[in-house]
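Trainee: Here you go, one structure.
The values are calculated or read from the model by the stated rules, or taken from the named source; none is laboratory data. Keep in mind that what you see is a predicted model, and the values were worked out from it rather than measured. Every residue, glycine as well, gets a Cβ built from its backbone with ideal geometry; the counts of neighbours run over all protein chains shown. The accessibility values were calculated without ligands, DNA or RNA, using every heavy atom of the protein model including side chains. Shrake-Rupley method; radii C 1.70, N 1.55, O 1.52, S 1.80 Å.
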Amino acid sequence: MKTNLKIAVLPGDGIGPEISAAGIQVLKAACRKHGITCELNEGLVGAAAIDATGQPFPDQTLTLCLDSDAVLFSCVGHPRYDNDPSAKVRPEQGLLAMRKKLGLYANIRPVSTFSCLLDKSPLKRALVEGADFVCIRELTGGMYFGDKFEGEDHAFDTCSYTRGEIERILDVAFRYAERRNRRLTIVDKANVLATSRLWRRIGKEMAPSHPEVNTEYMFVDNAAMRMVIEPTYFDVIVTENTFGDILTDEASVISGSMGLLPSASIGESTPVFEPIHGSWPQAAGKNIANPLAQILSAAMLLEHFDLNDAADDIRRAVQASLDEYVRTPDIQEAGRQAYGTREVGAWIAERIENQ
Ligand code: IPM
Ligand code: MG
């Protein structure tokens, strides 16, 4: 078991620096308590990196990531670029470059509910109660990275997948399903897309080697509907990059807030732990963003290195903060004073030291 961690911290844009600070405070508290030495080094990514270097994922940041055991990433994106279709360099390219250069082909997005937040979901309590699944999103292929063309009157993005890319992500998914409730849903659009048919064919080739896993295939439109009419249906979902992006934003409404879902991106090189949400520029600097997705990403980081006691401590303290209504506005109960990003982070860190 690893007891000294070297972590690259990439706060990025918008609410990034605030949730990052809270995540670090909590991570440090958990490490201190469990005798884990934790060296943190900050790097630039996104609009912050463009401003400083002209590049959304500078070489220096890549080197920092490659020299680290893990990356604690926050979020990127800035309205300056969203409103300028002619911008050649965009903050999001920093995130995509990081995923590609670190070979992070598997994005693990667990979706579950906190019983005290069930009424925060716009979905009926009876539907979301007990929902607990993992969405495994392919992260370095598909339309995000395929050939592109952008002309005045014509544009295209190509969805392309090779056998190797599909096999390695399905392999991750089968292994997750084996460790969980042994139900795997491979989500595609095989009635229309060639890439989906290849995914399905390879899925059917691989399934017999995992006889204990009940593997099924579901069209993405149907899966999107199923996710809101019966979210408890799923155990492990695996899907290509774009479908996974869309389905996991949809899945976040099950837990009650975008600010609650963490993720792990793993692959060939340094793993990255990041919230699934974006940079929420309108909230930047206001101390109102929910730091829990970031804090739970830090717990996933520790679990990746089998530092399960430290991770459990974080999860327990997060649960306590919710139970004791130490919550940011997005999840606070009506009539109760909400806490700030900083205050929630500090409370959880202190709780870890004392629990
Ligand atoms: C996510 C985000 C990113 C994505 C954006 C910021 C490029 O939405 O991690 O889900 O589309 O992958
Ligand atoms: Mg997304």
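Trainee: Give 290, 241 a once-over and let me know the one that is at pLDDT 95 or above, open to solvent by less than 30 Å² (accessible area, probe 1.4 Å) and away from ligand 1 (no atom under 16 Å from the Cβ).
Mentor: Sole residue among the options that is at pLDDT 95 or above, open to solvent by less than 30 Å² (accessible area, probe 1.4 Å) and away from ligand 1 (no atom under 16 Å from the Cβ): 290.
The rows are residues; the columns are (1) more than 22 Å from residue 117 (Cα to Cα); (2) more than 17 Å from the chain's Cα centre (by Cα); (3) within 15 Å of ligand 2 (Cβ to nearest atom).
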position: 221; (1), (2), (3): yes, yes, no
position: 226; (1), (2), (3): no, yes, no
position: 229; (1), (2), (3): no, yes, no
position: 238; (1), (2), (3): yes, no, no
position: 267; (1), (2), (3): yes, no, no
position: 276; (1), (2), (3): no, no, yes
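Trainee: So, in the range 81-123, how many residues would count as being open to solvent by 10 Å² or more (accessible area, probe 1.4 Å) and over 26 Å from residue 180 (Cβ atoms)?
Mentor: Selection size over the range 81-123: 19.
Trainee: Restricted to the range 118-146, and to residues that are assigned to a loop (DSSP other than H, G, I, E, B) and among the aliphatic types (A, V, I, L, M), which residue is nearest to residue 225 (Cα to Cα)?
Mentor: 123
Trainee: Can you tell me which residues in the range 300-328 are buried (at least 21 other Cβ atoms within 10 Å of the Cβ) and of a type in the set (Lys, Arg)?
Mentor: Of everything in the range 300-328, just one residue is buried (at least 21 other Cβ atoms within 10 Å of the Cβ) and of a type in the set (Lys, Arg), namely 327.
Trainee: Oh, and also: Counting just the residues of the range 244-258 that are open to solvent by 10 Å² or more (accessible area, probe 1.4 Å) and small (Gly, Ala, Ser), which one comes out nearest to ligand 1 (Cβ to nearest atom)?
Mentor: For the range 244-258, the residue satisfying everything is 257.
Trainee: Right, something else. Out of the residues in the range 329-355 that are under 20 Å from the mean Cα position of the chain (by Cα) and open to solvent by less than 10 Å² (accessible area, probe 1.4 Å), which is nearest to residue 4 (Cα to Cα)?
Mentor: Among those that are under 20 Å from the mean Cα position of the chain (by Cα) and open to solvent by less than 10 Å² (accessible area, probe 1.4 Å), it is 345.
Trainee: Still on this structure: Among the candidates 337, 282, 355, single out the residue that is in the same structural domain as residue 21 (by TED's automatic domain parsing), in contact (Cβ under 8 Å) with a residue 40 or more places away in the chain and among the polar types (S, T, N, Q).
Mentor: 355
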